[in-house]
Amino acid sequence: MPGVLDGIRVVELATWGFVPSAGVVLADWGAEVIKVEHPQRGDPMRGLVSGALTASGQHPVSFMFQTFSRNKASVGIDLSIDAGREALYRLVAGADVFLTNYLTPVRRKLRVDVDDLTQVNPRLVYARGTGLGPDGKEADTGGFDLASYWSRGGVAYLSTAEGADYPPPMPGAAFGDLQAGMYAAGGVAGALFARERTGAAQLVDVSLLGAAAWGTAPHIAASSMFDIDAMPRGEHHSAHNPIANTYRTSDGRFVALVMLESDRFWAPLVELIGRGDLARDARFADAGARSANRAACIAELDAIFATRTAAEWRELLNRQRGVWAIVQTPAETRCDPQVLGNGYVASMDLDDETLTVSMPPVQFNGGRPSPRPAPELGADTDRVLLELGYDWDQLVELKVEGAIT
């Protein structure tokens with residue numbers, strides 16, 4: 001099935017996770033994404049050690065680079081050399097989108113800033129990702145998601161239990177990069193639509209800090225209205241609605257209940273689990289009573305959930321209509337029948353092993369794109385430049401000069 005962006009060519013001049021993740025989304029939506037890398041150094045994500053896990057020995061492929069650069073082509077160009085920059089210009093002239101996370105001073109030095117490239121291509125969608133946004137005194141300050149998104153954006157604060165010695169670590173590598181990258185891909189899609197309507201070049205800006213501000217929107221609004229740091233965050237033993245809470249099972253797993261309409265679900269739930277007496281207990285007669293007596297109510301539920309395993313709770317809770325979930329590991333999520341059935345992950349064959357990768361959560365027309373392995377550095381340089389009109393003699397000259405790989 002054709003992708004919604006079939007026929008769209010994207011040139012990506014970006015490193016690490018944020019903007020390259022936007023390139024993966026656009027590629028999965030059908031665009032041709034050409035990743036421009038330095039001929040010798042490449043994207044440093046190729047060699048990133050994350051969680052002490054790196055490419056070596058039994059697993060010679062970087063799972064991080066595969067995550068952020070699969071489905072792309074790689075062209076090795078040295079933009080500090082005039083002939084290399086000219087090759088990029090020729091590539092951009094026939095492109096629809098240019099993605100970058102290079103900061104303004106670097107873009108200006110390499111002459112790949114907005115004005116430089118829209119002169120080459122007056123219909124270009126130019127998308128730039130930054131740590132802290134394109135304006136303000138710190139616009140040219142670099143950023144990673146641990147700093148700009150997780151810490152400065154307030155997400156770490158909201159994830160820190162009261163009285164904890166330190167904020168928790170970010171839930172995973174590139175956690176904020178992936179959220180912001182998805183926003184950037186959506187912004188590019190909107191800009192392409194506007195360009196088709198107007199014919200004019202479009203500038204798209206997405207930042208890690210802005211993504212965090214969006215993700216914490218209720219807290220920002222509440223802090224403004226009530227002059228507080230953030231919305232109150234109930235701990236397990238103080239949840240105002242005891243059936244919108246998480247409970248430990250007998251085998252050390254956790255069940256999250258999300259039954260927001262407390263009066264609708266309370267009686268059927270406690271009847272199902274064999275404690276119909278709790279539905280008739282005056283302390284728990286309605287939502288107000290359960291909130292007023294929440295410590296006692298939660299204690300009752302703690303004791304109840306501790307009597308069965310997660311598997312037993314899964315079987316039992318499937319008999320009622322309230323929303324719930326077992327707290328799963330990423331390994332379990334990877335194998336979850338709903339995840340597999342909806343194509344939220346896909347298998348990708350590498351040389352010596354199979355890698356499961358996450359797919360963009362936005363799907364079109366029931367399509368299930370197939371991931372392809374990330375390219376070797378400069379693997380597509382010759383093909384792409386030949387398509388641009390270079391001949392083999394010119395390619396040899398560029399390689400001798402060091403302009404391409």
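The values are calculated or read from the model by the stated rules, or taken from the named source; none is laboratory data. It should be emphasised that the depicted structure is a prediction, and the values quoted were computed from it without experimental measurement. Using ideal geometry, Cβ is built from the backbone for each residue, glycine included, and neighbour counts are taken over all protein chains shown. Accessible surface is based on the protein model in full, side chains and every heavy atom, while ligands, DNA and RNA are left aside. Shrake-Rupley method; radii C 1.70, N 1.55, O 1.52, S 1.80 Å.
If R0 is taken as 41 Å, the Cβ-Cβ distance between residue 311 and residue 4 corresponds to a FRET efficiency of 0.55. Relative contact order, whole percent, for the chain stands at 19, derived from Cα pairs under 8 Å and 6 or more residues apart.
The lysines whose alpha-carbon is closer than 22 Å to the alpha-carbon of residue 35, local same-chain residues fewer than 8 away aside, are 72, 109, 399. Give the residues of region 304-322 whose amide nitrogen is closer than 19 Å to a point set 7 Å from the Cα of residue 336 in the direction of its Cβ. Within reach of a label on residue 336: 310-322. Peptides 300-312, 161-173 ranked from most to least packed by the mean count of surrounding Cβ atoms within 10 Å: 300-312, 161-173. Using a probe radius of 1.4 angstrom, the carbon and sulfur fraction of the accessible surface of the chain is 54%.
Only helical DSSP H runs with n ≥ 4 go in: add -39500 (n - 2.57) per run for the chain, normalise by residue count and round the 222 nm mean residue ellipticity to 500 deg cm²/dmol. Counting only the DSSP helices, I get -11000 deg cm²/dmol.
Expressed as a fraction of 2.2 N^0.38 Å, the C-alpha radius of gyration for region 244-331 is 1.05. Near residue 144: Cβ cut-off under 13 Å, other residues only, Lys/Arg at +1 and Asp/Glu at -1. The net charge is -1. Counting every alpha-carbon pair across region 1-125, the share separated by more than 21 Å comes to 41%. The peptide list 26-36, 223-233, put in order of mean Cβ contacts within 10 Å with the highest first, becomes 26-36, 223-233.
Over region 177-286, the pair-distance histogram of Cα-Cα distances with 10 Å bins from zero comes to 11, 23, 22, 20, 14, 7, 2 percent, rounded to whole numbers. Comparing 395, 250, 361 along the charge dipole axis of the chain, the residue lying farthest to the positive side is 250, per the Cβ-charge model. Percent relative contact order of region 346-405, based on C-alpha pairs within less than 8 angstrom and at least six residues apart? About 25 percent, as a whole number.
Ranked by the mean number of other Cβ atoms within 10 Å of their residues, highest first, the peptides 61-72, 14-25 fall in the order 14-25, 61-72. How many angstrom separate the Cα center of region 357-381 from the Cα center of region 171-195? The distance from the Cα centre of region 357-381 to that of region 171-195 comes to 15 Å.
Among complete DSSP H helices in the chain, none has alpha-carbon atoms stretching at least 30 Å along the helix's long axis together with a mean Kyte-Doolittle hydropathy reaching 1.0.
Charging the Cβ of each Asp and Glu at -1 and of each Lys and Arg at +1, and nothing else, the dipole of the chain about its Cα centre rounds to 820 debye. For region 289-405, what does the alpha-carbon gyration tensor say about shape, rounded, prolate or oblate, given a ≥ b ≥ c as the root eigenvalues, a/c under 1.5 as rounded, and a/b over b/c as prolate? Prolate shape, in that a/c is at least 1.5 and a/b is the bigger ratio. Its relative contact order, with pairs defined as Cα atoms under 8 Å and 6+ residues apart, puts region 88-147 at 37 percent. Counting only DSSP beta bridges with both residues in the chain, the antiparallel share comes to about 40 percent. Cα centroids of region 85-152 and region 8-53: 14 Å apart.
Annotation for region 88-180: trypsin sites (Lys or Arg not before Pro) lying in DSSP loop with at most 13 further Cβ atoms inside 10 Å of their Cβ are 137. Accessible surface calculations at 1.4 Å, restricted to protein heavy atoms, place the chain at 51 Å² per residue.
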